[in-house]
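Written below as structure tokens is the structure these notes are about.
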Amino acid sequence: MEAADTEWSFEEFVAARGDRLYRAAWLLTGDAHAAEDLLQTALAKVWPKWSRIAGDNPEAYARRALVNTHASWWRRRWRGETPTPELPDVTAGRDVFAEVDLEQSLAGAVRRLPPRQRAVVVLRYFEDLSVEETAQVLGCRPGTVKSQAAKALRILRQHLGPSHVLEVGEQP
């Protein structure tokens with residue numbers, strides 16, 4: 001493949017799958033600007049290898065680059081406490097989640113999951129990958145995907161209530 005063909009193929013891939021990859025990045029980061037940075041960084045890692053991966057499954061490779069990049073960012077991030085001068089007032093009896101629609105509640109709950117569980121939830125339930133495809137993207141065994149999904153769904157049920165979260169294996 002010539003350089004011009006490779007560039008066009010890569011551009012075509014980004015045009016066709018960029019929105020989907022951006023959605024996955026947003027679900028992983030929970031922030032539009034961080035998602036743009038994550039996607040750009042992941043695509044920058046994919047580009048030099050494009051001639052080798054273009055014929056295989058470039059979307060799986062790009063997803064894996066996205067998840068791995070996010071994981072490396074997460075590992076480097078400082079998660080210490082940030083002191084504040086005053087504690088926020090909390091109104092007694094106020095159910096914050098009742099005031100927020102389900103989509104925002106779900107996005108927030110997904111962002112609170114540990115990175116590995118978040119990646120499994122995003123790939124399995126938002127990107128609609130199979131257990132095997134998710135395991136391939138994450139570089140783990142299908143059993144690990146299943147156990148991480150079960151743990152993540154249990155946590156999501158605690159945050160959102162069981163009526164909003166599917167059982168493992170249940171179809172929407």
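The values are calculated or read from the model by the stated rules, or taken from the named source; none is laboratory data. Keep in mind that this is a model prediction, so the values were computed, not measured. Virtual Cβ from ideal backbone geometry, glycine too; neighbours counted across all protein chains shown. Each accessible area value is taken on the protein alone, full model and side chains, heavy atoms only, with ligands, DNA and RNA left out. Shrake-Rupley method; radii C 1.70, N 1.55, O 1.52, S 1.80 Å.
Brief remarks follow.
- Some residue of the range 49-59 being surrounded by 12 or more Cβ atoms within 10 Å (Cβ to Cβ), touching a His at 6+ places or on another chain (Cβ under 7 Å) and at pLDDT 80 or above: no
- Count of residues meeting criterion [over 14 Å from residue 126 (Cα atoms) and either among the basic types (Lys, Arg) or open to solvent by less than 30 Å² (accessible area, probe 1.4 Å) (or both)] in the range 11-27: 3
- In the range 130-142, the residue that is most open to solvent (accessible area, probe 1.4 Å) out of those that are in a helix (DSSP H, G or I) and among the polar types (S, T, N, Q) is 136.
- Residues in the range 28-42 that are more than 22 Å from residue 10 (Cα to Cα) and either open to solvent by less than 20 Å² (accessible area, probe 1.4 Å) or outside any helix (DSSP H, G or I) (or both): 28, 30, 31.
- Contact annotation: residue pairs with Cβ atoms under 6 Å, 6 or more positions apart or on different chains, pairing a residue in the range 42-59 that is at negative phi and free of Cβ contacts under 8 Å to residues at least 12 places away in the same chain with a partner that is open to solvent by 30 Å² or more (accessible area, probe 1.4 Å) and assigned to a helix (DSSP H, G or I), are 53/61.
- Candidate set from the range 3-32 (those that are of a type in the set (D, E, K, R) and modelled with pLDDT under 85); member that is nearest to residue 43 (Cα to Cα): 7
Here is a yes/no grid of residues against (1) of a type in the set (A, V, I, L, M); (2) assigned to a loop (DSSP other than H, G, I, E, B); (3) at pLDDT below 90:
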| residue | (1), (2), (3) |
| --- | --- |
| 103 | no, no, yes |
| 120 | yes, no, no |
| 123 | yes, no, no |
| 128 | no, yes, yes |
| 144 | no, no, no |
| 150 | yes, no, no |
| 153 | yes, no, yes |
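- Candidates 90, 110, filtered to the one that is modelled with pLDDT under 90, over 30 Å from residue 16 (Cα atoms) and either open to solvent by less than 30 Å² (accessible area, probe 1.4 Å) or not aromatic (Phe, Trp, Tyr) (or both): 90
- Among the residues of the range 11-33, the ones that are of a type in the set (Gly, Ala, Ser) and in contact with a His (Cβ under 9 Å, 6 or more places away or on another chain) come to 1 in all.
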